[in-house]
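Written out below as structure tokens is the structure these notes cover.
The values are calculated or read from the model by the stated rules, or taken from the named source; none is laboratory data. This is a predicted model, so every value here is computed, not measured. With ideal geometry, Cβ positions are generated from the backbone for all residues, glycine too; neighbour counts draw on all protein chains shown.
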Amino acid sequence: MAQGQLTRSRTNRIIGGVSGGIAAYTGLDSGIVRLITAAIVVFTGVGAVAYILAWIILPSEGSSTTGLDSIVSAFRGDKSQNSNP
């Protein structure tokens with residue numbers, strides 16, 4: 001098992017980087033983690049809620065910014081989060 005903090009991946013991502021982050025944290029292949037996540041979403045529906053909560057709570061890799069921080073910044077119109085001047 002990999003050491004460190006559980007974060008959302010910035011490089012190994014398809015939607016929010018949650019599965020890539022879990023894969024890096026556990027040392028599993030990201031494809032396997034994505035298949036497990038997809039199966040949980042399809043067969044239980046709980047997986048979608050869990051994925052969204054993880055995206056909101058987990059910080060992005062190499063940063064302390066969470067998904068919630070991004071949403072709040074976009075809502076407030078913070079220019080510090082946007083790349084446009």
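Among the conditions (1) surrounded by 13 or more Cβ atoms within 10 Å (Cβ to Cβ); (2) β-branched (Val, Ile, Thr); (3) at pLDDT 80 or above, the only one that THR66 does not satisfy is (3). Of the residues making up the stretch 12-59, those that are farther than 23 Å from VAL72 by Cα and not in a helix (DSSP H, G or I) are ASN12, GLY27, LEU28, ASP29, GLY45. When GLY27, GLY20, GLY16 are checked against the criterion of being in contact (Cβ under 8 Å) with a residue 12 or more places away in the chain and surrounded by fewer than 18 Cβ atoms within 10 Å (Cβ to Cβ), GLY27 stands alone in meeting it.
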